[in-house]
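Remarks on the structure that follows.
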Amino acid sequence: MVPWDNGMEAAALPKVNGPSLAWIAGPESALLSKDHHFAIDATVEKQIVLINDHRTPLAYSAAWQATIGDAVVGSQTLSGTIEVGEIVKLPISFKLTQPGAGKITLTARIGPDSSEDVLDFVSFAPEPQSKGEWLAFDPKGETTELLTRLGYSVKPWTTGVPPADAVVIVGQSALSGDGQTGQRDLPADLTEFVRSGGRLLIMGQDPDWMRHALHLRVANHVARRVYAVDTLHPIMEGLDDKSLSDWNGSGALVEPYPQYPGYETTLAYGRRNGNQGSVTSAAIEKPHRSSLRPILECEFDLAYSPLMEMEFGEGRVTVCTLDVEARTVIDPAATKLMRQILENVRHAPIQPKAKRVVYLGDDAGADSLEKLGVQFVRSKTPQPNDQLLIVGGGAIDEAAVTTWINGGGKAVVLRRTSDESFLGASFIESKSFHGSTAIPDWSETAGLSASDLHFRADTPAWLLAPADVVQVAADGLLGRRTLGKGSILFSQLSPNAVPADEKRYFRFTRWRQTRALSQVLANAGATFQQDEQLLKLLHQPDHAWMLAGQWNAIPTAPQPESPRREWRGDSGISQAAKTLIASSNISGGESVPVPAYMESYGPTWRWIDGEVVFRKQIDVPARLVGRDMYWSLGRVDEKETSFINGQQVGTSSHWLLPRGHKVNSGLLKAGSNTLSVRVFDSGIHGGMCGDPAHLYLRTLPIAESPFYHDDYIADGVDESATDTAGWDRALKRRAIADNPYRYYRW
C-alpha cells in the first residue's frame, strides 16, 4: 500500500523504494527470522543483505558492530562489487559473553547510496532451576517435557479429584487432541477443587476444538506479537513488550503448513505458511461476561488474550495459550516468561471471591446484572454479613450504605444519570464522548486496557465530575473513594447506554463496555455464572470433530462428463450406494482428501459426474450419546444426502453455499460411528469442496454459555439455515460478518 499524504512518506518511502537497499536479515537457513533473544554463550548468526537495482555494477562496503551496553562483542567491515540486479548476502556472527540488552548496527554504502539498519537483541543469563511438583493431565507429554526441563517434578493425574494442596496443570492438546482424534475428558470435575482454594493451569488446545467444545472465540491467525496489559505484573519481571514478540523457532500447537490437495479456493482465513516466530497460535477473544482477567493481549483491537486468570471461590484458574511447548528452537525470553507464569500460578496470593454479593437498586440494574451473569441477591439495605455491595439506581438509603462502607465494606456504584451528588461523587453529562485510553493503575481495574474503554465514535455519556473526596480516572468513566475502613468504586461504564441498536458500528463499543464492567465487578469480588460453566466444560467439553482430512470415496454410479456441460439428472440413490451406506466397514474404495473437487483425485475421476459415496469413521464418548449434534458439511457440489450409521440425517442441493444438518439424539452410539455422504454431481466440478473450517461435527450445548454478546454476526455455517431461502439469507449475513480475519470469496 502506498500511504496517502500524511508527512511520513518523505522518510519512509525513499528508504525502501530507492535503487539500492541494505538491511540485517536472518541467517541463510531462515532469511526472514526475527530472532532477537539469545542465551549467554550462544553464537548469534545473521546476515547482511545488499540489493543493487542501479544500471551498473557498483562497489559496496558494509560495516557492522554488535554491542551490549558499552561493550563491543563483534564487528567487521566487508567490501566488494555488486552486479546489476544482484542480491549479495554476507554472513555475520559473534559470540555472546555477557547478559544484557544489545544491538547490531549496520552502516552500508552501495555506490552513491548509503543505508543504515539496527537490530535490537537481548542476551539472557541462565535461569535457576525451579522446584516443586505439578499434578499433570498431559497425555501428549509436551507440557511435562517443558516442566521437567525447567526443573519441576511432574506426577501424572489419571483419576479422582486432586488433593487440596495439589497444583494442577492440563497440558497442551490434552483435551482437544489434534482436533480430529485424541479428544479426552478430565479425570474429574475440578469445580469444587478450585472453589476450595485449588490452583489450576490450562495450556493451549486446538483452536477449532476450543471454538466448538468450549464456546470460546479464538483468533484465526498465529500471533507473533503480544503486549502486557500491566507491565508491572510479576510475570513481566525482567521482560518488556519486545520480549513478547518473534520468538525463536516455531510453535507446535497447530499444523505449520496445512495442505488441502485439490482445494482450489482461497481459505476463509488465508493460508498459513509456517509458525516461525509464533508467540501464540490460539489467542482467545476476551469473554465479555466472566471473571477472566487478561494478563497479556494481542491481535485485532487488542481484543484477544493468550494469558488470562480468574479467581473462583478461594482458588484460581489460569488459561495460557502461549506457544512455549515443543518449540523447534528454545527461546530464552519465552522460557523466562513461562517460568514466571508457573511460579505465579503456584505462589501468587489469591483474593477470594465474595461469598455474599448484594444488589441495592431498581429493576433495571438488577436486569443488567442478570444479563452479565453476576450471581447476587437483592436487598433494600446492606447487612453485616454482606461482602460486596453493588448499588444501582432508584431510591437508595445513602446513610445506611455509608455506615456499612465505613465499617469496612466494599461497594461498586453503577452508572448514575443525574447531576445529584451520591456518596460524595458528582456527575455531569457530556454531549460528545469518545471513551478513554487512560487506564488507572488500580487493583480495581486490573485487566483493563485502552481497548476496553475507547469508543468507536463520539456519543453522549454521563461521567464523573471532579470532586474533592473522589479520585476520578479514565476521563470520568471510573472513580474511587476511601470511606472509613471501606472503599467505593464508581463505574460510569454502561453497555446499555451505547446506541448499538441504532448505529451498528457501536456494537464493538458495547462489547468492550460489557467486558470492562464485568472486569470491574470481578475484581471487586463478584462471581459469574460463566465462571462455573467454564470449569464444567473443561471437565466434560462439548466435543467437536474437525472432519477435513482423508475420507474413503467410491463412485457408485458414475456418468461421463458432458463435453457441452449438459446437466445430469439424478434418478435417485443407487443400490450400490445403499449397500455402502448400510455397512460399518469402510474398507475398499480410495482414500481421498476432503475438501477438494473430486476431479483432482486422479485420471479415474477427472471426466466423471454422477453419484459418489464419501465415508469416514469417528469415535464418540459414551457420555455424549443421546446429545443433539450439528453436522456441518460446508460446500457440497451439488446435491448431498447425509447418513450416520446408515440412518439418513438430511439432504440438500446447492452448488455454492455451505450447509449442514442437525443430528437428533439417538443416531450416534458409543465408540465407532460411520459418517456417509452420498454426493450427486450434476456437471462440471463436484464433490465435498467447502472450506476446511466448515467441515465438522459438534455437540450442541445443553444450555447456552453466553461468554459473548449474542449480536455478533458469525461468518461460518449458519446452523439455522435449512433451505434455499435460509442459505441465501446466510450468504447476505456473511457479507457483513464481524470476524475481522475472514476473507470474502465473491
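The table that follows gives values for the structure above.
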| item | result |
| --- | --- |
| Checklist (1) modelled with pLDDT of 95 or more; (2) open to solvent by 10 Å² or more (accessible area, probe 1.4 Å); (3) in contact with a strand residue (DSSP E or B) (Cβ under 7 Å, 6 or more places away or on another chain); (4) not polar (S, T, N, Q) applied to ILE235, failing item | (2) |
| Cβ pairs under 9 Å, 6+ apart, first in the range 90-102 and closer than 18 Å to ILE48 by Cα and free of Cβ contacts under 8 Å to residues at least 40 places away in the same chain, second surrounded by fewer than 16 Cβ atoms within 10 Å (Cβ to Cβ) and not acidic (Asp, Glu) | GLY102/GLY69; GLY102/ALA71 |
| Within the range 431-453, considering residues that are of a type in the set (Asp, Glu) and under 14 Å from VAL520 (Cβ atoms), the one surrounded by the most Cβ atoms within 10 Å (Cβ to Cβ) | ASP452 |
| In the range 14-37, residue modelled with the highest pLDDT [restricted to those that are open to solvent by 60 Å² or more (accessible area, probe 1.4 Å) and not in a loop (DSSP other than H, G, I, E, B)] | TRP23 |
| Strands (runs of 3 or more DSSP E) wholly inside the range 571-664 that include at least 1 residues being of a type in the set (S, T, N, Q) | 590-594, 608-620, 629-634, 639-644, 647-653 |
| Residue in the range 180-202 that is open to solvent by less than 20 Å² (accessible area, probe 1.4 Å), of a type outside the set (A, V, I, L, M, F, W, C) and in contact (Cβ under 8 Å) with a residue 40 or more places away in the chain present | yes |
| Subset tally (residues that are over 37 Å from the mean Cα position of the chain (by Cα), surrounded by fewer than 18 Cβ atoms within 10 Å (Cβ to Cβ) and β-branched (Val, Ile, Thr)) for the range 91-135 | 2 |
| Residue in the range 596-609 that is charged (D, E, K, R) and touching a strand residue (DSSP E or B) at 6+ places or on another chain (Cβ under 8 Å) present | yes |
| Subset tally (residues that are modelled with pLDDT of 95 or more and farther than 22 Å from PHE707 by Cβ) for the range 366-380 | 3 |
| Options THR43, THR148, THR143; residue that is in contact (Cβ under 8 Å) with a residue 40 or more places away in the chain, β-branched (Val, Ile, Thr) and under 30 Å from PRO187 (Cβ atoms) | THR143 |
| Cross-chain or 6+ apart pairs with Cβ under 8 Å, the range 283-308 first and over 17 Å from THR509 (Cα atoms), then among the acidic types (Asp, Glu) and modelled with pLDDT under 95 | ILE295/ASP230 |
| Subset of the range 709-725 (residues that are surrounded by 16 or more Cβ atoms within 10 Å (Cβ to Cβ) and more than 23 Å from the chain's Cα centre (by Cα)) | ALA721 |
| Top-ranked residue in the range 257-306 [being among the aromatic types (Phe, Trp, Tyr) and out of contact with any Cys (no Cβ under 9 Å at 6 or more places or on another chain); ranked as least open to solvent (accessible area, probe 1.4 Å)] | TYR269 |
| The range 22-48, residues that are of a type in the set (A, V, I, L, M) and over 26 Å from LEU244 (Cβ atoms) | ALA22, ILE48 |
| Any hit, the range 296-304, residues being touching a helix residue (DSSP H, G or I) at 6+ places or on another chain (Cβ under 8 Å) and at pLDDT below 95 | yes |
| Given (1) open to solvent by less than 60 Å² (accessible area, probe 1.4 Å); (2) in a loop (DSSP other than H, G, I, E, B); (3) free of Cβ contacts under 8 Å to residues at least 40 places away in the same chain, index of the condition GLY80 fails | (2) |
| Of the criteria (1) out of contact with any Ser or Thr (no Cβ under 9 Å at 6 or more places or on another chain); (2) over 30 Å from LYS46 (Cα atoms); (3) not aliphatic (A, V, I, L, M), which one PRO91 fails | (2) |
| Condition check for HIS654: in contact with a Gly (Cβ under 8 Å, 6 or more places away or on another chain) and under 14 Å from LEU633 (Cα atoms) | no |
| Selection within the range 408-430 - among the charged types (D, E, K, R) and either modelled with pLDDT of 95 or more or buried (at least 18 other Cβ atoms within 10 Å of the Cβ) (or both) | LYS410, ARG415, ARG416, GLU429 |
| Flag if ALA333 is at pLDDT 95 or above, in a helix (DSSP H, G or I) and touching a His at 6+ places or on another chain (Cβ under 9 Å) | yes |
| Pairs, first within 15 Å of ALA268 (Cα to Cα) in the range 213-227, second basic (Lys, Arg) and open to solvent by less than 10 Å² (accessible area, probe 1.4 Å), C-beta under 9 Å, six or more apart | none |
| Test: residue in the range 561-576 that is over 38 Å from the mean Cα position of the chain (by Cα), open to solvent by 60 Å² or more (accessible area, probe 1.4 Å), at pLDDT 95 or above and among the basic types (Lys, Arg) | no |
| GLN351 vs. criteria open to solvent by 60 Å² or more (accessible area, probe 1.4 Å) and either under 32 Å from the mean Cα position of the chain (by Cα) or among the small types (Gly, Ala, Ser) (or both) | yes |
| Residue in the range 694-708 that is nearest to GLU611 (Cα to Cα), counting only those that are touching a helix residue (DSSP H, G or I) at 6+ places or on another chain (Cβ under 8 Å) and open to solvent by less than 30 Å² (accessible area, probe 1.4 Å) | TYR696 |
| Number of the exception - ASP362 against (1) on the phi > 0 side of the Ramachandran plot; (2) modelled with pLDDT of 95 or more | (1) |
| Qualifying residue in the range 357-364 (condition: surrounded by fewer than 21 Cβ atoms within 10 Å (Cβ to Cβ), of a type outside the set (Phe, Trp, Tyr) and closer than 24 Å to PHE707 by Cβ) | yes |
| Any hit, the range 392-402, residues being closer than 20 Å to ARG480 by Cα, in a loop (DSSP other than H, G, I, E, B) and open to solvent by 30 Å² or more (accessible area, probe 1.4 Å) | yes |
| Qualifying residues in the range 136-162 (those that are touching a strand residue (DSSP E or B) at 6+ places or on another chain (Cβ under 9 Å) and polar (S, T, N, Q)) - the one most open to solvent (accessible area, probe 1.4 Å) | THR158 |
| Of all residues making up the range 496-516, the number that are open to solvent by 20 Å² or more (accessible area, probe 1.4 Å) and out of contact with any His (no Cβ under 9 Å at 6 or more places or on another chain) | 9 |
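The values are calculated or read from the model by the stated rules, or taken from the named source; none is laboratory data. The shown structure was predicted, so the numbers you read here are calculated from the model rather than taken from an experiment. Cβ: placed from backbone, ideal geometry, glycine included. Neighbour counts: every protein chain shown. Each accessible area value is taken on the protein alone, full model and side chains, heavy atoms only, with ligands, DNA and RNA left out. Shrake-Rupley method; radii C 1.70, N 1.55, O 1.52, S 1.80 Å.
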